[in-house]
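Enquirer: Please read through the structure below; I'll follow up with questions.
Derivation of every value follows stated rules applied to the coordinates shown; laboratory data play no part. What you see is a predicted model; the values in this text were computed from it and never measured. When we count neighbours, we look across all protein chains shown, and the Cβ atoms used for this are built from the backbone with ideal geometry, even at glycine.
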Amino acid sequence: MSAETKKLTIIGAVNEGIASCMAADPKVIVLGEDVGDLEGGGIVGVTRGLSAKFGDERVRSTPITEQAIMGAAIGAAMGGYKPVAEIMLMNFTTVAMDMIINHAAKCRYMSGGQTSAPLVVRMMTGAGISAGGQHSDFLEAWFCHTPGLKVVIPSNPEDARGLIVSAINDPDPVIFVECSRAYGTTTDVPVDITPIPLGKAKIVQEGTDVTIISYSEIFARAKLAAVELAKEGISAELIDLRTISPWDREAVIASVAKTGRAVIAHEAVRSFGVGAEIAATLQEELFGKLKAPIKRLGAAFNPVPFSKPLETAHVVSVEQIAAAARSTLT
Amino acid sequence: MASTSQTSGINAAVPDAATQIEIYRRMSLISQNDEASRRVIRSGRLMMPYYSGKGQEVIPSAISVNLTDEDQICTIYRGIHDMLAKGVPLNDLWAEIAGRVTGTCKGKGGPMHITHPKSGAMLTTGIVGSSMPIANGLAWAAKLDNSKRVVITNFGDGASNIGAFHESLNLASVWKLPVVFVCQNNRFAEHTRYAKGTSVDQISKRAISYGMPGYTVDGNDPFAMYAAANAAITRAREGEGPTLLECMTFRFWGHVFGDDDFYMTKEEKAEAMAKDPTILFRARLLTDGTATEDQLAKIDAKIATDIEAAIEYALGSEMPPVSELTTDVYAEAGVF
């Protein structure tokens, strides 16, 4: 193993992860709108270079046909392949939901284990790029609510690369969400690729007063909030969930057992969200040990707006996370 | 690419005597199995939603004799006839519809979701139209494997009005996939008459939009069905791409078991049922001298015995243990 590092964006990280899987396993194939190099290698270039390297048969640009894309991925997966399907934007999964929910997620169970759909569905989403109400939603709670699916949402390049590798090699269908706002996030990452196991959260910063649980680009905001809190003498423990379903209950419960306080922050609307599941679990497991009510932060219950000040107000801010953490201590 | 709405363009392959008898065997199996299913449900020994395929038995019987064991099929909730024709074992099938642990899917799928990859029976979907996008993926895998495998995907006339049909035909054509789209046109989408819900007089005409051949076939005529299936399967196997077959037929027992057919006239139903395809084909095999009465009687009797044995096997099998409730959700147990 080399200790060398290099700079990588999330776009580059996901690209490298897929490429390494394609090089290692001829059964890994890619499909989606514009994924081939002639069409630009994906709308933001995540699959750029893959068709040149691995050929047009393994990297297939499709028509704009989400239901057929997902069906092709499921059938190919049943037929022994490991498809990585790109559904350009998370909102576009809505037109392929029958394939994802009724078929990909359930075929293993409903066939009594005879068939399965080991595939990855990649998609980007996120407010903050003025894309309006049909190109920005975080809908992960829908998929987390579906038995049979796994849901992964990385916050940084190294995790994105390690998680996409594990997602591709996972025997079950994985929803892999990339935050469009964070695509350009650049960090130093090891040159050597190390897979990151699904279902494992990362304690990015240890602390004693309050646990802040987050994921995706909102995790970066939690980190900034922790810096503010530290200035005030508040020690925050930061957990990046990375895999949202199945989530790392053990790590989260252990951390909150230690701090006695929890703030959960995500971009999706707060009501009926991932935060509710985590908060409910924490009170079931830690009732009596909690020093304050658990705080859940998410967007207000409205579609993502276009106009800048509205869009900005929609997404959980650094200040809101810091304020929520503070409130657990007073 | 030339497309026709009739079968005149088909280079008509003719089934030899042994193949005709095999087609009949599969038809008799489907008919007798349907009779037995309705009898067992009426007796109260089984409770299940049952979408009878009786009346449509020629279609899968004449198709499947053109298939190898490696070829695959996808079908829909009215699909037990397709599954039997492809070779799903009776015991496993009956155990599944009885919700027993010995069923094809350990009782977790039920009659609307029979799956048996060992027989090439890859998927039965309960969602109208959803067999088609997945069949494309299986066909894509066949192509990537450089195999000669072909995928058949069955659906009803109602499904040709749903988006999945159009997306699937387009992609299959663009990617030249080895798939045959088999529309079993039984004239009703649930309770709604064909013409009230469908913009063209023949679904096969929709093939023109997708640059593939489309044929309307008498789906109750074993010879016409055999020829059409043979042409479409050969085309797919040779790498020339997909075909749409619209197979005209009639479902004897309405949409779902218990349906009283209020949406059709008594005369219409009586007329269609007077032309029971299994009875007609049996008579033809005898008048043509293709088979003897003794031969066919033996075939019928063997099927009857096998079905009774399968029913006893299924009803005598164990129910799945409650521990099965949470297995097969993920590859690994205990993910949650």
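Enquirer: For the range B:6-104, give me every one of the helices (runs of 4 or more DSSP H) that falls completely inside it and has 1 or more residues that are closer than 20 Å to B:ASP218 by Cα, of a type in the set (Phe, Trp, Tyr) and touching a Pro at 6+ places or on another chain (Cβ under 9 Å). Don't jump to the end; show me each part of the working.
Expert: Details: elements: B:17-43, B:58-64, B:80-86, B:90-97.
Ranges flagged: B:17-43.
Enquirer: Let me ask you something else. B:GLU167 versus (1) closer than 21 Å to B:MET225 by Cα; (2) within 13 Å of chain A (Cβ to nearest Cβ); (3) buried (at least 24 other Cβ atoms within 10 Å of the Cβ); (4) not aliphatic (A, V, I, L, M): which is the lone unmet condition?
Expert: Every listed condition holds for B:GLU167 apart from (1).
Enquirer: Here are some conditions: (1) assigned to a loop (DSSP other than H, G, I, E, B); (2) within 30 Å of B:VAL335 (Cα to Cα). A:THR281 meets all but one. Which one does it not meet?
Expert: (1)
Enquirer: Out of (1) farther than 25 Å from A:HIS314 by Cα; (2) in contact (Cβ under 8 Å) with a residue 40 or more places away in the chain; (3) small (Gly, Ala, Ser), what's the single condition that is false for A:GLY126?
Expert: (1)
Enquirer: On to the next question. Among (1) touching a His at 6+ places or on another chain (Cβ under 7 Å); (2) outside any loop (DSSP other than H, G, I, E, B); (3) not polar (S, T, N, Q), there is one condition B:ALA227 misses while meeting the rest; what is its number?
Expert: (1)
Enquirer: Name the residue, out of A:ALA300, A:ALA254, that is of a type outside the set (D, E, K, R) and within 21 Å of the chain's Cα centre (by Cα).
Expert: A:ALA300
Enquirer: Just a yes or no: is a residue in the range A:41-52 of a type outside the set (A, V, I, L, M, F, W, C), within 7 Å of chain B (Cβ to nearest Cβ) and buried (at least 23 other Cβ atoms within 10 Å of the Cβ)? Reasoning before the result, please.
Expert: Start the filter on the range A:41-52 by keeping residues that are of a type outside the set (A, V, I, L, M, F, W, C), which leaves A:41-42, A:45, A:47-49, A:51.
With within 7 Å of chain B (Cβ to nearest Cβ) added as a condition, the list becomes none.
So far as the range A:41-52 goes, no, none of its residues is of a type outside the set (A, V, I, L, M, F, W, C), within 7 Å of chain B (Cβ to nearest Cβ) and buried (at least 23 other Cβ atoms within 10 Å of the Cβ).
Enquirer: Right, next: Do we find a residue being more than 7 Å from chain A (Cβ to nearest Cβ), more than 21 Å from B:GLN184 (Cα to Cα), surrounded by 23 or more Cβ atoms within 10 Å (Cβ to Cβ) and touching an Asp or Glu at 6+ places or on another chain (Cβ under 8 Å) anywhere in the range B:78-95? I'd like the intermediate steps shown before the answer.
Expert: Taking the range B:78-95 first, the residues more than 7 Å from chain A (Cβ to nearest Cβ) are B:78-95.
Now restrict to residues that are more than 21 Å from B:GLN184 (Cα to Cα): B:89-95.
Still in the running and surrounded by 23 or more Cβ atoms within 10 Å (Cβ to Cβ): B:93-95.
Applying the additional criterion that residues be touching an Asp or Glu at 6+ places or on another chain (Cβ under 8 Å) yields none.
No, that holds for no residue.
Enquirer: For residues that are without any contact (Cβ under 8 Å) to a residue 40 or more places away in the chain and touching a Phe, Trp or Tyr at 6+ places or on another chain (Cβ under 9 Å), tally how many sit in the range A:46-63. Step through it out loud before you land on a result.
Expert: First pass over the range A:46-63, keeping only residues without any contact (Cβ under 8 Å) to a residue 40 or more places away in the chain: A:47-63.
Retained after the next criterion (residues that are touching a Phe, Trp or Tyr at 6+ places or on another chain (Cβ under 9 Å)): A:60, A:62.
Going through the range A:46-63 one residue at a time, the tally reaches 2.
Enquirer: Of the residues A:ILE193, A:ILE175, A:ILE213, which is within 23 Å of A:VAL30 (Cβ to Cβ), crowded, with 20+ Cβ neighbours inside 10 Å and either more than 12 Å from the chain's Cα centre (by Cα) or not acidic (Asp, Glu) (or both)?
Expert: On the way: A:ILE193 fails: crowded, with 20+ Cβ neighbours inside 10 Å; A:ILE213 fails: within 23 Å of A:VAL30 (Cβ to Cβ).
After ruling out the rest, the residue left standing is A:ILE175.
Enquirer: Working carefully through the options A:ALA68, A:ALA85, find the one that is within 24 Å of A:GLN134 (Cβ to Cβ), at the interface with chain B (Cβ under 8 Å from one of its Cβ atoms) and among the small types (Gly, Ala, Ser).
Expert: Numbers: A:ALA85 fails: at the interface with chain B (Cβ under 8 Å from one of its Cβ atoms).
It is A:ALA68.
Enquirer: A:GLU4 is checked against (1) within 14 Å of chain B (Cβ to nearest Cβ); (2) among the acidic types (Asp, Glu); (3) over 30 Å from A:GLY132 (Cα atoms) and fails just one. What number does that condition carry?
Expert: (1)
Enquirer: I'd like the full set of residues that are basic (Lys, Arg) and more than 8 Å from chain B (Cβ to nearest Cβ), limited to the range A:103-144. If you could, list the steps in order and put the result at the bottom.
Expert: Of the residues in the range A:103-144, the ones basic (Lys, Arg) are A:106, A:108, A:122.
The answer is A:LYS106, A:ARG122.
Enquirer: Okay, moving on. Is the range A:88-104 home to any residue that is within 24 Å of B:ASP328 (Cα to Cα), in contact with a Lys or Arg (Cβ under 6 Å, 6 or more places away or on another chain) and surrounded by 20 or more Cβ atoms within 10 Å (Cβ to Cβ)? Walk me through how you get there before you give the answer.
Expert: Let us first name the residues in the range A:88-104 that are within 24 Å of B:ASP328 (Cα to Cα), namely A:96-104.
Narrowing the set further to residues that are in contact with a Lys or Arg (Cβ under 6 Å, 6 or more places away or on another chain) leaves none.
No, every residue in the range A:88-104 fails to be within 24 Å of B:ASP328 (Cα to Cα), in contact with a Lys or Arg (Cβ under 6 Å, 6 or more places away or on another chain) and surrounded by 20 or more Cβ atoms within 10 Å (Cβ to Cβ).
Enquirer: Out of curiosity, is B:LEU144 among the hydrophobic types (A, V, I, L, M, F, W, C) and in contact (Cβ under 8 Å) with a residue 12 or more places away in the chain? Reasoning before the result, please.
Expert: Values: among the hydrophobic types (A, V, I, L, M, F, W, C): yes; in contact (Cβ under 8 Å) with a residue 12 or more places away in the chain: no.
Judged against the criteria, B:LEU144 is not a match.
Enquirer: Does the range A:9-24 contain at least one residue that is touching a Lys or Arg at 6+ places or on another chain (Cβ under 8 Å) and not in a helix (DSSP H, G or I)?
Expert: Checking the range A:9-24: not a single residue is touching a Lys or Arg at 6+ places or on another chain (Cβ under 8 Å) and not in a helix (DSSP H, G or I).
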